[in-house]
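Step one of this worksheet: look at the structure below.
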Amino acid sequence: MPNNVTAVPAASSEDALAHFERRLTFETDCWDVHDALSRGADDFVVLDVRSPELYEAGHVPGAINLPHARIVERNLTSWDESTLFVVYCAGPHCNGANKAAVRLARLGRPVKEMMGGVTGWVDEGFALANGVERGDVNTVEQAA
């Protein structure tokens, strides 16, 4: 008996491999970001692209607050052009990370989205930092 799962056949293994490998070039997850940060990784920058108020209320430890509307070249001069940015917003119900990724890509910057955002981070059981940290929105030049 047909059902919604099997009504459309699965892709070939070759097509599935290409699809899922390609997705990993665009996305990372909370677990991998947490693991990398816990090990002292310094080969990417985590950007919280929400408002300063939401950032201060709780953010990924070490994340820099740069709201997506403020992602312009002059606000990125602190980082080498090859720096990978990992962007996140509130969670699956928010498209701020997508907007940030578009802006970064238009500027020729490498970018990945942290799937799940703050919601995913908390769901994984990871603690949020509060207040402001080095490099937060108050220390990054604010450009419209």
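Between the helical axis of 13-26 and the longest alpha-carbon principal axis of the chain there is an angle of about 10 degrees.
Ranked by solvent-accessible area (1.4 Å probe, protein heavy atoms only, all chains present), the residues ASP15, ASP42 order from largest to smallest as ASP42, ASP15.
Among the GluC sites (Glu not before Pro) in the stretch 44-131, those located in a DSSP loop and surrounded by at most 14 other Cβ atoms within 10 Å of their own Cβ are GLU81, GLU124.
Can you tell me the mean projection area, over all orientations, of the convex hull of the stretch 1-63's alpha carbons? Units nm², please. Write out the running numbers ahead of the final one.
Values: hull surface 30.2 nm².
Seen from a random direction, the Cα hull of the stretch 1-63 projects 7.5 nm² on average.
Which whole-number percent gives the relative contact order of the chain, counting Cα pairs below 8 Å spaced six or more residues apart?
On the way: 217 pairs, mean separation 44.1, N = 144.
Reported as a whole number, the value is 31 percent.
Note on surface exposure: ARG106, ARG23, ARG74 rank ARG106, ARG74, ARG23 by accessible area, highest first, 1.4 Å probe. The calculated P(r) of the chain, using every Cα pair and 10 Å bins from 0, goes 11, 39, 30, 11, 7, 1, 0 in percent.
Taking 4.7 Å between beta carbons as the limit, the unpaired Cys residues of the chain are CYS30.
Counting only heavy atoms of protein chains, what accessible area per residue, in Å², does the stretch 15-144 have with a probe of 1.4 Å?
Numbers: 7090 Å² over 130 residues.
Using a 1.4 Å probe on heavy atoms only, each residue of the stretch 15-144 averages 55 Å².
Rolling a 1.4 angstrom probe over the stretch 3-78 with all protein chains present gives an accessible area of which 55% lies on carbon and sulfur atoms.
Subtracting the Cα-Cα distance of VAL132 and THR25 from 0.36 nm times their residue separation leaves 35.5 nm of extension gain.
Go ahead and set up a Gaussian network model of the chain, Cα springs under 10 Å, then flag whichever of HIS93, HIS34, HIS68 fluctuates most. Taking springs between Cα atoms under 10 Å, the residue moving most is HIS93.
The values are calculated or read from the model by the stated rules, or taken from the named source; none is laboratory data. Note that the structure is a prediction, hence the values are computed from the model and not measured. Positions of Cβ are generated from backbone atoms using ideal geometry, with glycine treated the same way; all protein chains shown enter the neighbour counts. Areas reflect the complete protein model, heavy atoms only, side chains present, ligands, DNA and RNA absent. Shrake-Rupley method; radii C 1.70, N 1.55, O 1.52, S 1.80 Å.
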